[in-house]
Amino acid sequence: MANNNASKTNAQKVRQQNQQSAQGQSQNFEFASETDAQQVRQQNQQSAQRKQQASSKGQQQ
């Protein structure tokens, strides 16, 4: 019974779904490339400095 279902696969539909999936992935890559890596690094550095300052204040008290 499973073999009958496999032979009924619509190859054209599968190709179309694969193409749509590939297009969706390329859109995700475009979005990712718009990320400003330098800005993210700067924000991470500022966050780390704030954490360090907060922990050092806690140790002084």
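State whether the residues of segment 36-43 include one that is part of a helix (DSSP H, G or I), modelled with pLDDT of 70 or more and among the basic types (Lys, Arg).
Taking every residue of segment 36-43 in turn, at least one turns out to be part of a helix (DSSP H, G or I), modelled with pLDDT of 70 or more and among the basic types (Lys, Arg).
Does Ser26 satisfy being at pLDDT below 60, assigned to a helix (DSSP H, G or I) and of a type outside the set (A, V, I, L, M, F, W, C)?
Yes.
The values are calculated or read from the model by the stated rules, or taken from the named source; none is laboratory data. No experiment lies behind these values; they were computed from the predicted model shown.
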